[in-house]
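Working notes for the structure below.
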Amino acid sequence: MSAPAMGTTKTAHSDVAPKKKRGPGALATAYLVIYNVVMTAGWLVIAVGLVRAYLARGSYHGLYYSIEKPLKFFQTGALLEVLHCAVGIVPSSVVLTGFQVLSRVFLTWAVTHSVREVQNEDSVLLFVSAWTITEIIRYSFYTFSLLNHLPYLIKWARYTFFLVLYPMGVTGELLTVYAALPYVQKTGLYSVTLPNKYNFSFDYHTFLILTMVSYIPLFPQLYFHMMRQRKKVLCHVEEYKKE
Amino acid sequence: MDTLALEAKATGQEKKCSAPRPRPKPPKKAKRIVYFEVEIVDAKTKEKLLLLDKVEPTSTILDIKALFHKSNPQWYPARQSLRLDPKGKGLKDEDVLQTLPVGTTASFYFFDLGAQIAWGTVFLSECYGPLLIYLMFYFRLPFIYAPKYDFSSSKHWVVHLACMCHSFHYVKRILETLFIHRISHGTMPLRNIFKNCSYYWCFAAWMAYYINHPLYTPPYYGQQQVKTALILFLFCQVGNFSINITLRNLKCPGSKVKKIPHPTKNPFTWIFALVSCPNYTYELGSWMGFTVMTQCLPVAFFTIVGFVLMTVWARGKHRNYRKEFRDYPTLRSPILPFIL
């Protein structure tokens, strides 16, 4: 999904009601600041790469190839965030973070990279741009939060941009998976048929369809959760400002 | 040992088996009974739900729950959790009011556990499902495989054996649930039945689909593999049954007193020397046997997932044993001897 971990406990806690949680030590904080700075920079590279490629070519098509490598590198690097939660230096749920990062990694590698024919689709540009803007804001949000100097603009952007970016990203992702379906069925990509030694079968084509179907219950839940977080975070700050 | 000692032992055991609820002592002539006042407060909203006065000091939590149920019929006793502290553990039904650390005005926090269902119902649904579902695939009912295979029979001997083993396992579990198991909690949350049944039923369907498939490939090492796996499976089934019998014999009917299980004359229970929850160990062994017997990857997945779940449960039980009994044997591991 395009905007992961927006309404995580970390941000809600640091903005709304600071609970007495054992936060990361000095070393962990330094590491996290470096991590988030590097990720912000990485996604900026991708953003700049997209803009430059668009200006050079003059069209929206085929921009994926210009940022393929940094996209794979930095999106896969986000797996570290699951480790951060597991170790405890970030107070988010391992399961939730894991799920969100894995869905991104799945789209990057198991769909876009694996099915070459979809790489030219405009839907790829749609979700890549959504991800890029979201991640730049999200990682800079984390960086500033860790340094206790969070500009209101960044906080506002993080809790507002998702209103457009999240549906945009989800649309791009769904269209890409849909476009990949015929090629997967034709080539039997990642599929195992009977009979075989281990008495097991897996149809990637059906799996992709089920993945698309799973968006129906999941997307509204995550979207409305983020809207609730938005109300909590931004309205509380406004009240605080009025006082 | 002499007869006197034997007698003392016998009466001692009798005493242990009798109902744990203390008989209310008749008040001495000079003393008056101090009645308690009980206040029940909602744990979340802190609103006062009920005030009971003139409560017998020897009433149990269960009696109070029954009184609460009378005034709030939607909350039957099994659904109520009464606590001394809103964030604490629920008090046990058999706790007596005057033994609790409360003054003569007791305040209990009420927590709604949600709709409850008897554990027996859940266990039976969990087991009947896989039993029937597997048989549906075994007999190749229509709409599962290609129409030409409807109601056909597999030509592999191991497929019939697998059906017998799988069915035997679940029949054994059903009988154990009906006649052997003694569970301390009477009920569990309603949503458990959906969660548990989905788990067992979906996995059963998944395994049964491949084992009874017309294109099923029998094990690589043939008869030898199947025979060895069958021996392991049966051994572990007998083991699991022995453990369940031993655990049943530990508890007297209606008693909630916990005891440490020990190895008995039955060789299958000697594993108690090394493991706290050998019923899970044997269960793992059975499913490993079944996996090797059928050489089916979905069965392996089921075994692995089951192993993870059982390890979590075993570790929890092991921790409870160690907390409750100071002299708990230190050699024991939760589920795998010396390892886990």
Please enumerate the residues belonging to the range B:240-278 that are open to solvent by 30 Å² or more (accessible area, probe 1.4 Å), in contact with a Ser or Thr (Cβ under 9 Å, 6 or more places away or on another chain) and of a type outside the set (A, V, I, L, M).
-> B:N249, B:K251, B:K256, B:K258, B:H262, B:P263, B:T264, B:N266, B:P267, B:F268, B:W270
Whichever residue in the range A:50-77 is part of a loop (DSSP other than H, G, I, E, B) and without any contact (Cβ under 8 Å) to a residue 40 or more places away in the chain and, among such residues, is nearest to A:E121 (Cα to Cα) = A:S59
For the range B:211-234, name all the residues that are in contact (Cβ under 8 Å) with a residue 60 or more places away in the chain, within 14 Å of another protein chain (Cβ to nearest Cβ) and open to solvent by 80 Å² or more (accessible area, probe 1.4 Å).
-> B:Y220
By residue number, the members of the range B:79-114 that are free of Cβ contacts under 8 Å to residues at least 12 places away in the same chain and either in a helix (DSSP H, G or I) or under 13 Å from B:S59 (Cα atoms) (or both) are B:T99
Filter result for the condition that a residue is of a type outside the set (F, W, Y), assigned to a helix (DSSP H, G or I), within 20 Å of the chain's Cα centre (by Cα) and more than 14 Å from chain A (Cβ to nearest Cβ), over B:I117, B:I193 | B:I193
Can you spot a residue in the range A:221-239 that is away from chain B (no Cβ under 14 Å), among the hydroxyl-bearing types (S, T, Y) and touching a Pro at 6+ places or on another chain (Cβ under 9 Å)?
-> yes
Among the residues of the range A:158-212, write down those that are outside any helix (DSSP H, G or I) and more than 14 Å from every other protein chain (Cβ to nearest Cβ).
-> A:F161, A:G188, A:L189, A:Y190, A:S191
Among (1) away from chain B (no Cβ under 14 Å); (2) open to solvent by less than 20 Å² (accessible area, probe 1.4 Å), A:F144 falls short only on (2)
Would the range A:151-170 turn up any residue that is touching a residue at least 12 places away in the same chain (Cβ under 8 Å), of a type in the set (A, V, I, L, M, F, W, C), under 30 Å from B:N212 (Cα atoms) and touching a helix residue (DSSP H, G or I) at 6+ places or on another chain (Cβ under 7 Å)?
-> no
Kindly indicate whether B:F123 is of a type in the set (F, W, Y), closer than 22 Å to B:M188 by Cα, touching a helix residue (DSSP H, G or I) at 6+ places or on another chain (Cβ under 6 Å) and open to solvent by 50 Å² or more (accessible area, probe 1.4 Å).
-> yes
Taking the range A:152-184 and the residues there that are of a type in the set (F, W, Y) and closer than 25 Å to A:S114 by Cα, the one that is most open to solvent (accessible area, probe 1.4 Å) would be A:Y178
Determine which member of the set B:L340, B:L336, B:L309 is touching a residue at least 40 places away in the same chain (Cβ under 8 Å) and either farther than 17 Å from B:Y200 by Cβ or open to solvent by 40 Å² or more (accessible area, probe 1.4 Å) (or both).
-> B:L336
Within the range B:95-120, restricting to residues that are in contact with a Pro (Cβ under 7 Å, 6 or more places away or on another chain) and open to solvent by 50 Å² or more (accessible area, probe 1.4 Å), the one that is modelled with the lowest pLDDT is B:Q98
Matching option when the condition is touching a residue at least 60 places away in the same chain (Cβ under 8 Å), touching a Ser or Thr at 6+ places or on another chain (Cβ under 8 Å) and within 14 Å of chain A (Cβ to nearest Cβ), among B:Q295, B:Q237 = B:Q295
Those residues of the range A:68-96 which are open to solvent by less than 20 Å² (accessible area, probe 1.4 Å), closer than 18 Å to A:E173 by Cβ and not aliphatic (A, V, I, L, M), in sequence order | A:Q75
Among B:F301, B:F325, B:F290, which is the only one that is among the aromatic types (F, W, Y), surrounded by fewer than 19 Cβ atoms within 10 Å (Cβ to Cβ) and within 14 Å of chain A (Cβ to nearest Cβ)?
-> B:F301
What number of residues in the range B:198-210 are open to solvent by less than 80 Å² (accessible area, probe 1.4 Å), away from every other protein chain (no Cβ under 13 Å) and over 30 Å from B:F268 (Cα atoms)?
-> 2
Considering only the range B:75-99, state which residues are in contact with a Ser or Thr (Cβ under 6 Å, 6 or more places away or on another chain) and among the aliphatic types (A, V, I, L, M).
-> B:A78, B:V96, B:L97
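The values are calculated or read from the model by the stated rules, or taken from the named source; none is laboratory data. Worth saying up front: this structure is predicted, and the values here are computed from it rather than measured. Heads up, the Cβs are rebuilt from the backbone with ideal geometry, glycines too, and the neighbour counts pull from every protein chain shown. We work out accessible area using only protein heavy atoms, side chains counted, and drop any ligands, DNA or RNA first. Shrake-Rupley method; radii C 1.70, N 1.55, O 1.52, S 1.80 Å.
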